[in-house]
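Step one of this worksheet: look at the structure below.
The values are calculated or read from the model by the stated rules, or taken from the named source; none is laboratory data. Nothing here was measured: the structure is a model prediction, and the numbers come from that model. Cβ: placed from backbone, ideal geometry, glycine included. Neighbour counts: every protein chain shown.
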């Protein structure tokens, strides 16, 4: 690391306490003070990182205790903090919530210990008074190896309410309370079925971020918080990981409000392997970028923009034609939906889409699949040779209703516990599509295999 960077982890006593709002407010407030702030998000989530990135003015990076090894998480943190003053890591669920009730695996607490950072505990104070001390005492003593930097109270009802809460917390030696944020319903970010509305659809305006920074500065003691934050432990640099590579191929990447679920590390590894990433919008552009050697369709909310996507028939035709001509295409979740024959909405309307894959997809009013997945490649192709393994996450409200019986599959799925979860990775032409969002950091060779595959097409279309 080339400069000293302080860090902390924002954790909640449970989901829904306002971790994201607190994290956004702290990022905006410290950035306004002239600091370079680097956001991180624990877990496979795509939506919160988009908002964190807007507040910080730089990409938010996912950290994950199952998708990625301990060393990879530590390297990601170190790499992205090289030029930062403050690293702020937003946790997932409650502080100690992970894969099960018996261990810390997959929890925010585990990640805080891996990174060597203290935890700032966010407590939703609504309907709490003196009991807040018992609650915080339990979190502070549950794991003696986990340092707590202190407490921030959220959803405080009044100045008198805050006074009661602070009186109670004063009975806990060495547990500072840095203040309490009042209830501000107007600052809530809209939500939908996969969580918060994305940053692409609901950008955090400068006025919103200024208001949030004002709120934090009025009600929290930022100077006292800054003083308790440690310097992030330095790690030995691994220069070979960051060497720029000569451009070997051009990869078109679908990026707009409908396709916005990408891990930044996937992009970094693809560039490192020699890909020039060329963004385009399936919503707005009538033609693909020129001279492409491959396409990458990530996830997002194609169902929300299905009418617009279906109406852009010129681009749908172009994607279909290029796929049939052998252009390598990799698609995840929303990308799979886009490449299908058609999507049936919750109202029963069927919309024709790219038709690269003979799949029919329909939306459901309930969650169809949620969880970590490991893939094991069973047929050589875009992701690598037989036996290649990688990890990802699946989260969607749609399902395939027909067409899989005529498609080849390229890998087996296993759940987090190792149990079989069927076959996936649907193949046609040189297209590979799946519901699983893969994190290339789980196996950096994926990016190399992907780029090599596209280069072979470039040399022999």
In this structure, is residue 346 surrounded by fewer than 22 Cβ atoms within 10 Å (Cβ to Cβ) and either farther than 25 Å from residue 445 by Cβ or touching a residue at least 60 places away in the same chain (Cβ under 8 Å) (or both)?
yes
Within the stretch 230-243, tally of residues that are within 25 Å of the chain's Cα centre (by Cα) and either assigned to a helix (DSSP H, G or I) or modelled with pLDDT of 95 or more (or both)
1
Of 64, 48, which residue is more than 18 Å from residue 8 (Cβ to Cβ) and either crowded, with 24+ Cβ neighbours inside 10 Å or in the same structural domain as residue 268 (by TED's automatic domain parsing) (or both)?
64
For the stretch 27-45: of the residues being farther than 23 Å from residue 394 by Cβ and touching a helix residue (DSSP H, G or I) at 6+ places or on another chain (Cβ under 6 Å), which is surrounded by the most Cβ atoms within 10 Å (Cβ to Cβ)?
27
Test each condition in (1) farther than 18 Å from residue 337 by Cβ; (2) surrounded by fewer than 17 Cβ atoms within 10 Å (Cβ to Cβ) for residue 352 and report the one that comes out false.
(1)
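The rows are residues; the columns are (1) buried (at least 23 other Cβ atoms within 10 Å of the Cβ); (2) closer than 30 Å to residue 36 by Cβ.
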{"site": "92", "(1), (2)": "yes, yes"}
{"site": "95", "(1), (2)": "yes, yes"}
{"site": "102", "(1), (2)": "no, no"}
{"site": "108", "(1), (2)": "yes, yes"}
{"site": "119", "(1), (2)": "yes, yes"}
{"site": "125", "(1), (2)": "yes, no"}
{"site": "137", "(1), (2)": "no, no"}
{"site": "157", "(1), (2)": "no, no"}
{"site": "161", "(1), (2)": "no, no"}
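Need at least 1 residues that are assigned by TED's automatic domain parsing to the domain that holds residue 446, within 22 Å of residue 64 (Cβ to Cβ) and without any contact (Cβ under 8 Å) to a residue 40 or more places away in the chain per element, so show me which helices (runs of 4 or more DSSP H) inside the stretch 261-339 make the cut, counting only ones lying wholly within it. Lay out the reasoning, then the answer.
Working: elements: 264-272, 306-311, 313-324, 334-339.
In the stretch 261-339, the matching helices (runs of 4 or more DSSP H) lie at 264-272.
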